[in-house]
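A short worksheet on the structure shown next.
Throughout, read-outs are computed from the coordinates displayed, never taken from laboratory work. For clarity, every value in this text was computed on a predicted model and none was experimentally measured. Because the Cβ atoms are built from the backbone with ideal geometry, glycine has one as well, and the counts that use them run over all protein chains shown.
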Amino acid sequence: MSTHPNDHSLLRTPLSRRLYHEQAAVLPIIDFHSHLSARDLAADRVFANLTELWIAPDPYKHRALRQLGVPERAITGDAPDEEKFQVWAAALPRLLGHPLHPWSTLELARYFDITTPLSAASAPDIWRRTRELLARPTHSARGLLGTTPVACVCTSDRLLDPLDDHRRLAGRSDVPRVLPSLRADDALAVQSPEFPAWVRALGEVTGIRISRLADYLAALEDRLDAFAAHGCLLSDHGLDTFDYATTSEPEAERPFRRALEGGVLDIGESRALRSYLLAALGASYARRGWAMQLHLGAQRETSSRLRNQTGPAGGYATIGQHTPIPLLCRFLDDLERRQALPRMLLYPLHPGDYAPLATLTGSFTEEGVAGKLQCGPAWWFNDHLLGMRQHLDALSHYGCLSTFVGMTTDSRSLLSMTRHEYFRRILCDYLGEQVAAGRFPDDYDLLADYVRRIAYDNARTWLRLPLLPYSP
């Protein structure tokens, strides 16, 4: 895509261009699911070069480079940073159609004012120019985050994280609002060999001696209190395979004690305990007014070689199975019957789940809450032009597009806030296309309201973020 800051890239109709430039482009950004480092922001980290900032933490780039046959030494290995950047620069022109191409183009333009296409030929000059800029205060961690109009960003934090960095960031005037969100996978990792040690650490942090399930739940509540004290409004669970069975506390007690002693649970025991804990946490989130996120359908167990070589987040996962809708409905219904169903974001990784989950948003509702159940934004392997348009189509035809809470980066990179621009351009193009085809009315004010809702206002109100409405 073109890198001119006022261009019409991805905007194919006059109405799309007007909606984007007059409405979407000026809206603040709420990034409610990211993997940014609160430590980097609290310390206002200075990055030595683009490899350190842009390539090293990005499994998307690592994956693409491997697909091009690049040796691992030049991806995550011991090659010098400048060599790794040169390798990436040579690779980018070979990725037309891949979202990394427009993302990289936008990131260089918006953060470094570089409109020269990145390639092997341009790499030396871009390396030099960006290194000079990264040494300036404007391009420190907080400076980069302030380059785009970010109103709020939520990091992903583990249950035992101390949250000291969030304490340091609270109330600072030189950084947008940075809130923790709880990544609660550890609490359900009952089959992990590390689970007994993790529970002991939880007991040490909370001061609760954990010997039975009730103690464990009390300790979890203590940590939820700590997150709430730092402004947390969301939880998140990565459930690659969704498996659920209605389970009582006595049915969960025995497998919990066995897991606590280091025993190996069979499939039924694991399902019962994980189901009970997931429902208990869901009810707790509802009591606190938090939103609950479920990331569904990843297949992370692929190449053992790459996992051993690069670690658990190495960019080698793939799209997994469809979400089992009957089991998901049972989980939601169990919570709803207890009046304990929180607002929920369901992120399907399998594109074939868009229609079922968009339809499901009409099955669990609450008076006075618009879009209580959300089919979350196009995620991971779907956060590109095709995936976003398919997602918008599903929401339009099977759900309720006007209640959609919009885009999130799901990224470790400070430069990824430009993905909101990418999404907003696609959204405005989609609306303009519908008008051109006669499917939506040619009503600028109505469509401008959709843009403002989807790009900012819905996330602000649905998540109950302490932010003001945007007044253009």
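Some observations on this one:
- Applying both filters, DSSP loop and at most 10 other Cβ atoms within 10 Å, to the chymotrypsin sites (Phe, Trp or Tyr not before Pro) of region 1-98 eliminates every site.
- Taking 16 Å as the cut-off, the amide N atoms of region 180-202 that come nearer than this to a point 7 Å along the Cα-to-beta-carbon line of Ala313 belong to 180-186.
- For Val150, residues with placed amide H under 5 Å, excluding near neighbours: Ile29
- In a fully extended conformation the segment linking Arg73 and Ser303 would gain 81.1 nm over its present Cα-Cα distance, using 0.36 nm per residue.
- Centroid-to-centroid separation of region 4-40 and region 289-355 [C-alpha atoms, Å]: 27 Å
- Listed candidates (1) 24.6; (2) 23.5; (3) 22.3 - label of the one calculated as Kirkwood radius over Cα pairs in Å: (2)
- Peptide ranges 405-418, 226-239 listed from the most packed, as the mean C-beta count within 10 angstrom indicates: 405-418, 226-239
- Student exercise, the chain dipole from Lys, Arg, Asp, Glu Cβ charges, in Debye to nearest 20: 380 debye
- Sites Glu82 and Arg39 - FRET efficiency at Förster radius 25 Å, r taken between beta-carbons, to 0.05: 0.45
- Ser363-Ala121 pseudo-label distance in nm [points 7 Å out on the Cα-to-Cβ vector]: 5.6 nm
- Karplus-derived HN-Hα couplings along region 80-87 (A = 6.51, B = -1.76, C = 1.60, θ = phi - 60°), whole Hz, x at Gly and Pro: x, 4, 5, 5, 4, 5, 4, 5
- Segment Ala197..Ala245, full-extension length gain: 14.6 nm, with 0.36 nm per residue of separation and the alpha-carbon distance subtracted.
- Mean residue ellipticity at 222 nm, helices only, the chain: -13500 deg cm²/dmol; runs of at least 4 DSSP H residues each add -39,500 (n - 2.57), and the sum is divided by the number of residues.
- Segments 155-168, 391-404 sorted - mean Cβ within 10 Å per residue, highest first: 391-404, 155-168
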